[in-house]
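The values are calculated or read from the model by the stated rules, or taken from the named source; none is laboratory data. In this text, all values refer to a predicted model and were calculated from it rather than measured experimentally. For neighbour counting, all protein chains shown are included, and Cβ atoms are generated from backbone atoms with ideal geometry for every residue, glycine included.
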Amino acid sequence: MNKIRIGAIEAVCIICIITLSNILLAGPQIILRSTGSSALLNTFFISLLAFIVFYIIYLLFKNFKNSDILDISSFLAGNWLKVLLGISIILFLLLYASTNYRDMAENLKIIYFQNINITYILLLIIIPVAIVNCFGFNTVIKCNLIILPLILLTILIIFILGMPKFVLQNIFPILGNGIKSTFLTGSQNISVFGGLIYLFLIMPLLKRKDDFKKVSFTSLAVSSIALTLSTACLLFILPVSIITKESIPFYIAIKQISLGNFIERVDILFLFIWLLTIFSNLSILISFILLIFKKITNIEDTKPLILTFCSILLGIALIYKNENQLTLAKVTIYKNIFLILVLGVNISILVLANIKKKIKDKNKTIAEVN
Amino acid sequence: MKKTFLYLIIAFLIILYSLLIIENGTSYRSLDNYAYCMALGFDKGENSKFKISFQIPINSSGGSSSGSSEQSTSSIVNSVECETIDSGINLMNAYISQSINLSHCKAIVISEELANEGIADIIYTLFNKVEISSQALVLISRVDANELLNKSVSSLETASARYFDTSINSAYTTGYVDKITLSNFFSALNDNFCQPLASLASVNSKNSQTTTNSRC
């Protein structure tokens, strides 16, 4: 992690890509399932919550300018906590990404490749990811710089083109499934901002440490806008009852977009962008897993491990037998693990480390005075 | 430099291998193997649940365009009786020895008799088909859908593929009809603040010409 340096824009791209791939695949659907027609309200609410969380993380990282969460855990309780946390993060990242990975493959199978075994579609996605990672972390980052503006532009174009199809009555009832599901249990939907976890790992990679605040808030703002636009698009085009029942509601909403008699079937373009997003997402994931693994095991060269982690990801993606298991894993299990690991454990480590640092500094000052 | 070249070769071989796997996994079809269906018609079957009619255009190589009787042979309408839409498509594939492709389907005509029994399952099945465009018109026919498709000719439009596109244009100038697409109908079916609507179509029997025109 010591030799790689990335700029602020590249860091923003990393965090945004992860959140955007969640948004394009299932983010708005997860929000709409739990909140109903109050999805937009909930989106604003979780964006606000995310801002608060990001600010707390920024404040807690102020005293550890050149460290990530692994270094901080090592400072707090020694190497064992660093290794334990590193393994937990790697496992969580693999499990969480496997749902997006398998979801994408299933969607491709439903839409285009009905007669092909799912394993081949999964291989089709993972092989370019492995190849890109062979060229190094910088290559992955630079590819992202090209892909992210395309994704943002696509979301904007879909929103604008879909406006003639909007049915504004879909926003009623305004509180959807109730205040409790919109604001209390709905706050769990903050897990849509999956890029949060990379915020804990990105600090030592930044060229200028002062950019951390700019990076975190810019990426959050971009992700919030994209989430709002895509949720609005989905909510206003399709009825809520369809969004909760269908497996790819975003694709179905986009299928309905047309411009006059000559521009139809924009969903094909969207599918291309979707594929690019998942490639980006998985490339960043494997890169970061390699960085974390290098840190906890102190090995020099991680290139031989690229195929290992790609195979593990493929294996986990093959575990799910059907769509129901995938949805259960994504909506229930991993959402809760995200909340516990990212918001619970990581922030607790940061808080305790800050307290320890303060006590140490205080003792140092007393010792110096004496 | 050598390593980069080696990686590029490996990448190329892997991609080639992946393409070969996918190539074997799908059947390779050209345009000649597809029969593009312009319109679908649904009637109540005599021996089965549905009688599905497929209006398929015929490529005419001749240039003569005199007489409306030659325009009526620019498409054929074939019907099958079946229990489900997918089994109907399979039967038609076997009958015409080509694969029915619904990606250019411009109209879905449902007879009034069948519509009275409820068409939610037809609409759901069609909407979930990736091939069918959600901009296809939904029409309810007073006569049999088969008859409507057979007698649907336009004196102004020569290309049968464009007939259903232009036939509903009067929706923009008069208030007699509305352009209801599959997506509109499907949304209205599931919305809790409105009911689904569709335009009513029939064959004009009062016309004294040899070929009859259909009006919506």
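Table for the structure above
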read-out	value
Qualifying residue in region A:337-349 (condition: of a type in the set (Ser, Thr, Tyr) and either buried (at least 19 other Cβ atoms within 10 Å of the Cβ) or over 20 Å from the mean Cα position of the chain (by Cα) (or both))	yes
Subset tally (residues that are surrounded by 19 or more Cβ atoms within 10 Å (Cβ to Cβ) and touching a Phe, Trp or Tyr at 6+ places or on another chain (Cβ under 8 Å)) for region A:203-223	6
Residue under evaluation residue A:91, criteria (1) over 17 Å from residue A:18 (Cα atoms); (2) surrounded by fewer than 16 Cβ atoms within 10 Å (Cβ to Cβ), criterion not met	(1)
Residue count for region B:164-194, restricted to those that are in contact with a helix residue (DSSP H, G or I) (Cβ under 9 Å, 6 or more places away or on another chain), assigned to a loop (DSSP other than H, G, I, E, B) and either surrounded by 18 or more Cβ atoms within 10 Å (Cβ to Cβ) or more than 13 Å from every other protein chain (Cβ to nearest Cβ) (or both)	5
From the options A:147, A:141, A:151, A:126, residue that is buried (at least 18 other Cβ atoms within 10 Å of the Cβ) and touching a strand residue (DSSP E or B) at 6+ places or on another chain (Cβ under 8 Å)	A:141
Within region B:97-118, tally of residues that are under 20 Å from residue B:45 (Cα atoms) and outside any strand (DSSP E or B)	7
Qualifying position, being farther than 24 Å from residue B:13 by Cα, away from chain B (no Cβ under 11 Å) and modelled with pLDDT of 90 or more, among A:84, A:76, A:145	A:84
Cβ-Cβ under 8 Å pairs, at least 6 apart or on other chains, region A:107-120 side facing chain B (nearest Cβ under 7 Å), far side of a type in the set (S, T, N, Q) and exposed (fewer than 14 other Cβ atoms within 10 Å of the Cβ)	A:115/B:26; A:115/B:27; A:116/B:26
Condition met for residue A:294 (at pLDDT 90 or above, in a helix (DSSP H, G or I) and not hydrophobic (A, V, I, L, M, F, W, C))	yes
Flag for residue A:132 being out of contact with any Asp or Glu (no Cβ under 8 Å at 6 or more places or on another chain), surrounded by 14 or more Cβ atoms within 10 Å (Cβ to Cβ) and within 13 Å of chain B (Cβ to nearest Cβ)	yes
Selection within region A:238-251 - assigned to a helix (DSSP H, G or I) and more than 8 Å from chain B (Cβ to nearest Cβ)	A:240, A:243, A:244, A:245, A:249, A:250, A:251
Among residues of region A:293-335, those that are over 21 Å from residue A:120 (Cα atoms), under 17 Å from the mean Cα position of the chain (by Cα) and surrounded by 13 or more Cβ atoms within 10 Å (Cβ to Cβ), counted	7
Subset of region B:131-152 [of a type outside the set (Val, Ile, Thr), within 14 Å of another protein chain (Cβ to nearest Cβ) and either in a loop (DSSP other than H, G, I, E, B) or over 13 Å from residue B:40 (Cβ atoms) (or both)]	B:131, B:133, B:134, B:135, B:136
Residue identified as surrounded by fewer than 18 Cβ atoms within 10 Å (Cβ to Cβ) and over 25 Å from residue A:98 (Cα atoms) among A:238, A:161	A:161
Every residue from region A:252-269 that is more than 7 Å from chain B (Cβ to nearest Cβ) and assigned to a loop (DSSP other than H, G, I, E, B)	A:257, A:260, A:262, A:266
Any hit, region A:278-287, residues being away from every other protein chain (no Cβ under 11 Å), of a type in the set (Phe, Trp, Tyr) and surrounded by fewer than 18 Cβ atoms within 10 Å (Cβ to Cβ)	no
Where a residue in region A:320-337 is modelled with pLDDT of 80 or more and its partner, wherever it lies, is of a type outside the set (Lys, Arg) and not in a helix (DSSP H, G or I), with Cβ under 8 Å and at least six apart	A:323/A:247; A:326/A:320; A:329/A:320; A:330/A:26
Meets criteria (of a type in the set (A, V, I, L, M) and over 21 Å from residue A:47 (Cα atoms)) for residue A:192	no
Residue match in region A:163-182 (condition: within 14 Å of chain B (Cβ to nearest Cβ) and at positive phi)	yes
Residue within region A:64-75 that is among the hydroxyl-bearing types (Ser, Thr, Tyr), farther than 30 Å from residue A:173 by Cα and outside any helix (DSSP H, G or I) present	yes
